[in-house]
1. May I ask you to derive the FRET efficiency for residue B:383 and residue B:271 from their Cβ-Cβ distance with R0 = 51 Å, giving the value to the nearest 0.05?
2. For chain A, just say rounded, prolate or oblate: build the C-alpha gyration tensor, square-root its eigenvalues into a ≥ b ≥ c, call rounded for a/c under 1.5, and beyond that prolate if a/b exceeds b/c, oblate if not.
3. When a/c reaches 1.5 or more, the comparison of a/b and b/c decides; with that in mind, is segment B:381-465 rounded, prolate or oblate per its Cα gyration tensor?
4. Please give the average number of partner chain Cβ atoms lying within 10 Å of the Cβ of each residue in B:135-147, rounded to a whole number.
5. Ranking A:428, B:309 by Cβ neighbours within 10 Å, fewest first, what do you get?
6. Label points 7 Å out from Cα along the Cβ direction at residue B:154 and residue A:190: separation in nm?
7. Go ahead and estimate [θ] at 222 nm for the protein assembly as shown from helices alone: -39,500 (n - 2.57) per DSSP H run with n ≥ 4, summed, over the residue count, rounded to 500.
8. For peptide B:91-104, what's the mean number of Cβ atoms from other chains within 10 Å of each residue's Cβ?
């Protein structure tokens, strides 16, 4: 009999059992061997059916022990009720978690609005309208407002002794758009790219949506294994390496200076673009981190992404990309011009005026202290457990390992029921393996919510073990 | 000898002659037959080399009479000086023309900032900050501000007797982002899509960048040939038809009611999404145009894109997409969440408050009169020529045919030298054939600039003939 027909039979059979709730959430499916015997088909046919169901998120794999029925809480994000047209869509995993409103918000690596300079910025906005009365009836250039690019490059050149020209900057709608533009310009289906493991989940989703083949390198508290990176660059010739070397998301680790220099040399040698996402540089607690890789780059191999706005005014959605190679900038400009033809001028002008004011520095200094206190409260609560983490010197997150190989994906559903959110490690894993790691952000919840929420959460985990 | 090697030889030989200026701008290249004989290679090898050079915009084809050396003015947009990494980039043709500053701006289908309500909007902005003090420290949801979506759907439901729910709306960064999101969600390499001929040049570039195979249908002053559309839908099963049926860009034509209904039925029958870009609906001169196709859609086959902001405050970059099918909206949301994770909240709130005010209607009424006057001035100037156009009843553009099969691509370079810009027809042609048509926008230049600029331009064209 036709193999496709048999596959369809097995597939329908399993799906039907799940939909009738005969096979229940988180219950183990029959082994491939047993179902193949029962349905009198080849084992590969069952494997193929299971894999299709896994792709469709109807079932999942656990610790090599077999296939399990996916829980409906996760499933409901997925179901496309009788789509009339099919779409080519990659999920944004993080965005889906954030759609669930909770009382104890530990999944968003965003800063509590109460810690942001709302009132000062309102004043600047009025100033902006006096200075540029036609700001709302004018488009920005695709590359971004020249005055803002000048101001940002001046800041960089002063602070890091670089020689960046305003033409080497491109203003984007947040760092996420920057990553998205880079993916569109430099990655096509089946191209190999390199990511840290773990990595920023939205970046994983963006590169996956472009069809990239992802190779990953582990990041450790002391940085990378550079021999491994060189081996991969030599063997796979990745088009780019997306990395976040300063207060890395989700781990909080920082790659030391010496490795930064060497990595830029490797990138030059193997013609691999380094995409340095530097969202957390200024959120340090004790001392300023080592200079960005971008500052060691002499041949345009680093595209540097900086989202100052995360800790100034996330609502403006302004980030900047920098690169010294005119052909790279030209490509990024072409993609940006198709994507939205330039970021709104108003937002750029508002940001410019706050960025150039002395208020910014005062605000950032206060913010560092507030966040350090929140981090310490979170660590204090966690100190009663035997969970593992490396205390970060900056950034917004703790990267925590639960004991007993507890899957944090499973835990999330129970946790959301108790109105506590976090990011399960699997979402941050380019290989998407089940994981006992999780990311807890201490930046959004206030001190009281952190204490209360963590106590509830610890209790929940203990009851699950 | 290896064929690739021979191709490279021919390619290098031709390119070298051009770069040394031995073969000059707009000079005819040797015929394929002659060069093949001279270099002792197969004619297909020469053809391949010429085609590569054409793709790289080093040469162009004219009226089937052969290959010509591209002029440097056009070439300079292109050259990637020794790129260290290759990029996958589609040009944005329109964006490149706009990069040249001119005194007589007829290429931008934008509204003169002096016709926009700058002062009123500034007042609304202050109100917005009083109402939402934390607007700059908060992200919008991916789908867009709920209050704005409610207000837009109320407006639609009242005006067109539709029953659109706020959840069927998605706020984007201008209509260009809307098209870009749709392309990403529904078009993959080699998928067939349908475009009007001519069409909006940025849309052509966006779908081309996705690797679409473009099939086109002509648009006439009285609409489409629906038999041709049905034939194409039947034969090619296009995934979508991007169209602009009201004061069409660039032609200004409007598709009549009866055709709108029939087209929605065809789309349902052949499962082809209609992407209705409706940027110009409210810019009518004598009477309101027929209702959008979206209002005839009962099964979610139409994705409606509306950019109110074009004539309110282009600087805000706000547009809205509507669709009644939840699976379509779900796919668009997933793509939007990867692209920029939601448009800035500030811009949405500013727009909301202006949109809900009675001022908007007053402004639009004045704007219609001002634009009609500008259109009439432009037509008055053109009346001394034997150029052809159909006078539009709304929108921002005249679509004009020059006599004697004059190529408007060639004309553009000379025109820019005299500080006059326009959009050559070839850029609006999905098939990119040389054309004697051009688009003249009467919305950006003021009345004096229109008169002066048109006189100079007519003189230039006559001197070229």
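1. 0.60
2. Prolate shape, in that a/c is at least 1.5 and a/b is the bigger ratio.
3. Taking the square roots of the gyration eigenvalues as a ≥ b ≥ c, segment B:381-465 is rounded.
4. 5
5. Taking fewest neighbouring Cβ atoms as first place, the list is B:309, A:428.
6. 5.4
7. Calculated from helices alone, the mean residue ellipticity at 222 nm is -13500 deg cm²/dmol.
8. Taking the mean over all residues of the peptide, I get 3.
Since every read-out is calculated from the coordinates, none of them should be taken as a lab result. Here the structure is a predicted model, which is why all the values come from computation and not from measurement. Every residue, glycine as well, gets a Cβ built from its backbone with ideal geometry; the counts of neighbours run over all protein chains shown.
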